[in-house]
Structures are given as structure tokens and as C-alpha cells.
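The values are calculated or read from the model by the stated rules, or taken from the named source; none is laboratory data. Just so we're clear, the structure is a prediction, and the values are computed from it rather than from any experiment. Quick reminder, even Gly has a Cβ in these numbers, built from the backbone with ideal geometry, and neighbours come from all protein chains shown.
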Amino acid sequence: MSDLICLSDICVSYSVPGQAPRKVLDGLNLSIRTGEFVAVCGQTGCGKSTMLRLILGAEKPASGKVLIEGAERARPDRHRGYVPQKYSLFPDRTVLGNIAFGPEMEEFGIVGRLSPRFRRRRSEIRAEAHRLLAQMGLSEADASKYPDQLSGGMQQRVAIAQALIMRPKILLMDEAFSALDPATRAEMQRLVRTVWATTGTTVLFVTHNITEAIYLGSRVVVLGKESPQGSSRVQLDLDIPESVRTPSGYPRRDELERLTQLIESTAMGGQPELRLVEFG
């Protein structure tokens, strides 16, 4: 696999009224290969969401470079899908309208909807939206519903379909399941891992849940601060081979316990930077 994303010596600072600028990331270096599922965890305030926004192109570093396929990208584009914690669906559009919105606007905008081609292409886009609807485990009857008629888990399924219909090379998910109840969260974990396995999309998934990170990721990256007031960088970079998993996809209990202890001690203890940990 080749490097798809490269963060090189990234520094990010935020202004604080009446105080010196607060550094969030300082000297962050990270490369992500095509097709990886990278789960990112760490304590609150360590820069996990900031890192996602940098990769999305919604934010720029104070210094350093963010390279996507070897080039800097000035703004978000269709190649980087984003699923936030709070669904971000249009309340005045149906489920089908929400899923189809991205490609319809990208290809036609407002004026382009008057063109003769729009009706034919719209049918094709809507057919793809229906296919994704089924892949997300939603029914045809759900297509005509509005977001406020859906449960939290159903809304998040629509948000994922909304991102996937653009066929992004990179899917960024920021605490996407944290607001869901445990049973729904487990369903969504299985769903997104299946989507990753079948599409080959590169996924970055931010979570505070270490068990979730170990289950979902082919790799777990822990961001941590060198001191309570310090800025963050990679403290642990851990590959999780499929050989440690049971047929259901979950790591074996002994590996789960060992990895959880390792990640917790790193995230909470601010150990020196560690690189690839070998499995015994």
C-alpha cells in the first residue's frame, strides 16, 4: 500500500484572549497508507478532531504540510468524506434527498437543474442512493422520511451513505458513534467495518472508546501530550493484524486486554513516542 495521507511536522495554535496562543499540535508526523482503517484516540483536547479537519482541508496548520496523494489541498473536496458526531443532515430534505444532495449539487448546482440532462442523471443518482440505503440496512419506506422521523442510529446510517455516495478515497469519522446507545453502536461498528472491507476506502475514525478503536482499526494511533499544558504528537502507533481476530472480527480476549492496557497507559501516562508494537 502507498501513502495516501502525509502529515509532516504539523503545528497548530489557537488564539486565547489575553493569553499566549495555545499550541494544540506541535511536530506531528503521520503517514497513512491507502486502504488502512486508522482509529485515532487520546485524551480530550489532544487534537484528534483538529487532525481530521486538517486532512479534510477545513483548517490549515500554522506550519508543516498536509499532503493528500503527494499534494496540498486548499479546501474540502469529494475525495474526502466527513461524518461528524451530530449527523449534519438537512432537516427539510427526505432521506433520499439527503443522500443524493452531494452529487446533484456538484454536477448541476441550482441553474443546472434546468438542463435536459438533469432528469436522466438525477434518476441514476437516486438509484445509487437507493442502493446505499439498502447497504446501510434501511428500508425503501425510509427513503421518504425526514431526519426528525428517524432514530439516532438511522440518522447516522444516512450520514454515512451521504458521504459514501461521493465515492471518497478518504472517509473521516469524528466521534461518529458516541451519541448512540450501546446496542446501536455495536450495529454501526459492524456496519462501518463491513463497508471498509468491501469498498477499500481509507478510514480515519476518531474515538474515545479504546475497545472500539481496537475492534475497528487495522491500526490504532494514540495522540498524547508530553505534559498537561503541552501540545500533542503521536505517542503510540500500533498495527493490529487480522491474525489476532476471531472469525466475527473481534480481537481475542487476551489480545484485547493486553492492547487496552497498553493504549490506556500510553494515553494517560504520556510515555515517550512508541512505534509499531509486535504481537507475540
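Take the conditions in contact with a Gly (Cβ under 6 Å, 6 or more places away or on another chain) and either of a type in the set (Phe, Trp, Tyr) or on the phi > 0 side of the Ramachandran plot (or both) and apply them to GLY47. Does it pass? Against the criterion (in contact with a Gly (Cβ under 6 Å, 6 or more places away or on another chain) and either of a type in the set (Phe, Trp, Tyr) or on the phi > 0 side of the Ramachandran plot (or both)), GLY47 does not qualify.
Could you tell me which residue of the range 33-64 is surrounded by the most Cβ atoms within 10 Å (Cβ to Cβ), considering only residues that are in a strand (DSSP E or B) and among the small types (Gly, Ala, Ser)?
Of the residues in the range 33-64, the ones in a strand (DSSP E or B) are 33, 37-41, 63-64.
Filter once more, keeping what is among the small types (Gly, Ala, Ser): 39, 63-64.
Details: ALA39: 26, SER63: 13, GLY64: 18.
In this case the residue turns out to be ALA39.
Tell me the residue from ILE170, ILE165, ILE214 that is buried (at least 16 other Cβ atoms within 10 Å of the Cβ), touching a His at 6+ places or on another chain (Cβ under 7 Å) and in contact (Cβ under 8 Å) with a residue 60 or more places away in the chain, please. Lay out the reasoning, then the answer.
On the way: ILE165 fails: touching a His at 6+ places or on another chain (Cβ under 7 Å); ILE214 fails: touching a His at 6+ places or on another chain (Cβ under 7 Å).
From the options ILE170, ILE165, ILE214, the qualifying one is ILE170.
Looking only at the range 177-223, filter to residues that are among the acidic types (Asp, Glu) and assigned to a helix (DSSP H, G or I); which one of those is farthest from ARG167 (Cα to Cα)? Residue satisfying both the conditions and the ranking: GLU212.
For the range 65-72, the criterion of a residue being in a helix (DSSP H, G or I) and either surrounded by 20 or more Cβ atoms within 10 Å (Cβ to Cβ) or at pLDDT below 95 (or both) is satisfied by no position. Here ARG113 fulfils each of the conditions (1) within 30 Å of SER15 (Cβ to Cβ); (2) modelled with pLDDT under 90; (3) surrounded by 12 or more Cβ atoms within 10 Å (Cβ to Cβ) apart from (1).
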